[in-house]
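Novice: Take this structure, written in structure tokens, and hold onto it; I'll ask about it next.
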Amino acid sequence: MASFNTMENNVLNSLVLYKSKWFSDLVDESKLSNALMTKPHEVSTVLSYVFGRYEGNTIDFLTMGLGKTIEIESRQYEWPLMIEFDKAVDIIQAKWQGSSISSGDTPGLNQTPIQIWVRDKWFGPGAVLAFDDREYQARVTGAPYQDGEYWVYTLLVADGQADSFILPSLLSAGSKVSREGSAYEEYSEEADIVNYPTPFKLRNQLTTMRLSYDITGSAVSTVMVIAMRDPQSGKKSFLWSDFQEWRALRQWYETMDRWLVYSKYNANADGTTDLAGTNGRPVYIGAGLLQQIAPANKRYYTTLTLDILDEFLSDLSYNILGKGERKFVALTGEMGMRELDRVLRAKATGYSLVDTHFVTGSGQDLTLQGQFVTYKGLNGIQLDIKHFPFYDNTVYNRKLHPITGKPLESYRMTFIDYGMRDGEPNLIKVIRKDRGLVMWHTGGSVAPGSGHAKSISTLRSNAKDGYSVHFLSEQGLMLKDPTTSGELICDAE
Amino acid sequence: MIVTLRQTSRDSWSGVRRYKNCSVYLAPYLTRSGGRYTGLSREDETKLGEALRVDLSPSSEYWDTFFIRVSDSDVVIDTNTPEGELKYLFLKNHKRVANGLSDRTKPGANFVLINDDEQAKEINKRNKVKREAFREFDKLSLSDMRKCLRLFGHASDSLSNELVEQKMNELIDENPQRFLDKWVDNKFRVVEFQLEDAVSKNVIRKNRNLYQYGTEIIGRSKDEAIAFLEDVKNQDIKMAIIKEMNAK
């Protein structure tokens, strides 16, 4: 019996895709539509992998194809974005010797106290604060007290010198103070405090996509075969489908992938939407990849240079502190590949091209290779460049580069951080439980699997000479930390 | 001069202008003819190029890496320095930048360049119009207000005096210039009111842009109809219209 239960990456490495006539090895259990019913997760992972590898459906490949999916039971999903654990606090007002501070004053001279008004209770007694010029430091004396909506801190110049003072400009409204450290006397009871910033919450929702197609009764039954070989046992297994079904699946996967990139969120603040379908029920659309990274780093260019690329990667890395986590995949069109190749090959001594296999490693060490061109650069930056055919498609990308006449989108470079965050992948596909890929048919004279109806007692759902197949998927994308992704966009009028 | 560059639009999904520690880099872009937008005239290129000792022609490599970085706070530009002037001229006509708050509806612009002096001038100009409009409003009798409301397309006959005054106040506050144009500076306002009133009483019939009195076409647009009623030759028809209106 055909088997597809070992869907490890090494099995998929020896995967072959070909068109054929039906043959005896293609048993019913390995028919794609049947297999999807019995092993939905494994088989849809294989499909994502196949379409990712052979058709360029990269987002689906990077998520579903590599097993980075989660199933949820509700339409909306939220995740926290912890941007920072510490922060600089705005000075609202400052006083010295009971009066506001003017430019000629010497606040803090002779260890006299300075009062500052800030919005948050962010520091504890004994904390040493640095001003916008870090040469100037002051220590918090005692606990802060509340004055209306503000907290008042009493500070003493930290260097303890009688002739030291804080520059008045550093105490003006709008200046900031941040925690530098803390210092205490012997036998003290005081201590600095731990801050628990409220995480910024991001919310997205699943989109229900559908596709239907008809197969006529006289359609030739050519089949598409996915052959896999287990390198350990050498055993071959197959998944197969009618060629028509395969073509529809290909279109389906391509549309899903494009939608995961370009879709735009349509819910109001309360989660409802004003967009209604034919039957009057709401139509929900989730935020796609580009919308999720829209407020992240974005740089426009006309000619790509190494400086631009270097600065951009450095900006992306700014929010990632661990060097081992600086793994980016740049999705770009044919022209973007050429631009990157030109810049990196000709000038980038800091970057080295890595030889490739398709997928190596696992977990945090996962490396995308083969169809990806991988560069390793300074500061632990790894850049995988992946051709993204959607950006080249002239049907969908009609704005052209004024000089080359190629789609402008082909020059677009979308950098996604696909490293790990607290042990979890940064880019995840979210699907509704059991509704990641739903397929069914309404049979007429023919039905998939059982062929033409040969008896008057055969019950079919309609009188069509053929059958209809329906696909449905409820899915969305979650880029857990969008601050480490961004785009380089070739810009034209 | 000090100008401020500010991002105006928030992302509709995340609700933020920019994530923390993230930036957008405004840079030159390609024009339809394949050139490069720099915002500089030939004279600017020469003058600032000499001051900065760089080649500022559009094809210069200088523009490959030129950018203005905008993060979560405003960018303040001092145009009294050559660098500041260059940035200001670059931004002034940039496709993503509106030049002043009055230009905020510019399509595709999600940044605004605010010049405090110019801004103040603009606001003062608007306020002057508003003050003038309200001065004229004070001079209106209730009967004039009702006529004026009719010109704004409101059926004022059935409204109480209080509501008429309130409605007029709202209209002027909303768009003072429109009030000046439609009433104060409109020398045909009396005839225009008569025309609108006659249409509302079905004495003159209006079919799309065609104005008819009985079987006679008096105009193919509002302006034509007003000219017809103003014409000395047509005063008998005008009198007949007024008589019929009074009878209704």
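The values are calculated or read from the model by the stated rules, or taken from the named source; none is laboratory data. As the structure is a computational prediction, the values presented were derived from the model and not from experiment. Don't worry about glycine lacking a Cβ; one is built from the backbone with ideal geometry, like all the others, and counts go over all protein chains shown.
Novice: Consider B:Q177 against the criteria (1) of a type outside the set (S, T, Y); (2) assigned to a loop (DSSP other than H, G, I, E, B); (3) under 26 Å from the mean Cα position of the chain (by Cα): it satisfies all of them except one. Which criterion is unmet?
Specialist: Status for B:Q177: all satisfied but (2).
Yes/no matrix, rows are residues, columns are (1) crowded, with 16+ Cβ neighbours inside 10 Å; (2) within 13 Å of chain B (Cβ to nearest Cβ); (3) touching a residue at least 40 places away in the same chain (Cβ under 8 Å); (4) in a loop (DSSP other than H, G, I, E, B):
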| site | (1), (2), (3), (4) |
| --- | --- |
| A:N266 | yes, yes, no, yes |
| A:A269 | no, yes, no, yes |
| A:T273 | no, yes, no, yes |
| A:N279 | no, no, no, yes |
| A:G286 | yes, yes, yes, yes |
| A:K298 | yes, yes, yes, no |
| A:L309 | yes, yes, yes, no |
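Novice: Out of (1) facing another protein chain (nearest Cβ under 8 Å); (2) in contact (Cβ under 8 Å) with a residue 24 or more places away in the chain; (3) crowded, with 21+ Cβ neighbours inside 10 Å; (4) of a type outside the set (S, T, Y), the odd one out for A:A294 is which?
Specialist: (2) is the only condition that A:A294 fails.
Novice: Here is a further query. Of all residues in segment A:173-215, how many are over 30 Å from A:S263 (Cα atoms) and either surrounded by 15 or more Cβ atoms within 10 Å (Cβ to Cβ) or among the hydrophobic types (A, V, I, L, M, F, W, C) (or both)?
Specialist: 15
Novice: Within the group A:T332, A:T356, which residue is among the polar types (S, T, N, Q) and at pLDDT below 90?
Specialist: Checking each option against the conditions leaves just A:T356.
Novice: Are any of the residues in segment B:138-148 closer than 30 Å to B:L5 by Cβ, assigned to a helix (DSSP H, G or I) and touching a helix residue (DSSP H, G or I) at 6+ places or on another chain (Cβ under 6 Å)? Give the steps one after another, and end with the answer.
Specialist: Initial filter on segment B:138-148 (closer than 30 Å to B:L5 by Cβ): none.
No, the conditions are met nowhere in segment B:138-148.
Novice: Tally the residues that are free of Cβ contacts under 8 Å to residues at least 24 places away in the same chain and either facing chain A (nearest Cβ under 7 Å) or in a strand (DSSP E or B) (or both), restricting the search to segment B:1-15. Break it down into steps so the answer makes sense when it comes.
Specialist: Residues of segment B:1-15 free of Cβ contacts under 8 Å to residues at least 24 places away in the same chain: B:10-15.
So of that shortlist, the ones also either facing chain A (nearest Cβ under 7 Å) or in a strand (DSSP E or B) (or both) come out as B:11-14.
Qualifying residue count for the region: 4.
Novice: Of the numbered conditions (1) within 33 Å of the chain's Cα centre (by Cα); (2) of a type in the set (V, I, T); (3) not in a strand (DSSP E or B), B:V54 satisfies every one except a single condition; which is it?
Specialist: (1)
Novice: Condition test on B:P82, is it more than 29 Å from the chain's Cα centre (by Cα), within 14 Å of chain A (Cβ to nearest Cβ), of a type outside the set (F, W, Y) and over 19 Å from A:K298 (Cα atoms)?
Specialist: Details: more than 29 Å from the chain's Cα centre (by Cα): yes; within 14 Å of chain A (Cβ to nearest Cβ): no; of a type outside the set (F, W, Y): yes; over 19 Å from A:K298 (Cα atoms): yes.
So B:P82 fails the test.
Novice: To continue, here is another question. I'd like the full set of residues that are within 8 Å of another protein chain (Cβ to nearest Cβ), free of Cβ contacts under 8 Å to residues at least 24 places away in the same chain and farther than 30 Å from A:T484 by Cβ, limited to segment B:16-54.
Specialist: Answer for segment B:16-54, where residues must be within 8 Å of another protein chain (Cβ to nearest Cβ), free of Cβ contacts under 8 Å to residues at least 24 places away in the same chain and farther than 30 Å from A:T484 by Cβ: B:T31, B:R32, B:S33, B:G34.
Novice: Would you list the strands (runs of 3 or more DSSP E) that sit entirely within segment A:389-493 and hold 1 or more residues that are more than 14 Å from chain B (Cβ to nearest Cβ)? Write out each step before concluding.
Specialist: Values: elements: A:413-417, A:427-432, A:438-443, A:466-479, A:486-490.
Output list reads A:413-417, A:427-432, A:438-443, A:466-479.
Novice: Give all pairs with beta carbons closer than 9 Å in which a residue from segment B:121-135 that is within 14 Å of B:E174 (Cα to Cα) meets a residue that is modelled with pLDDT of 95 or more and not in a helix (DSSP H, G or I); count only pairs at least 6 apart in sequence or on separate chains.
Specialist: From residues that are within 14 Å of B:E174 (Cα to Cα), there are no pairs.
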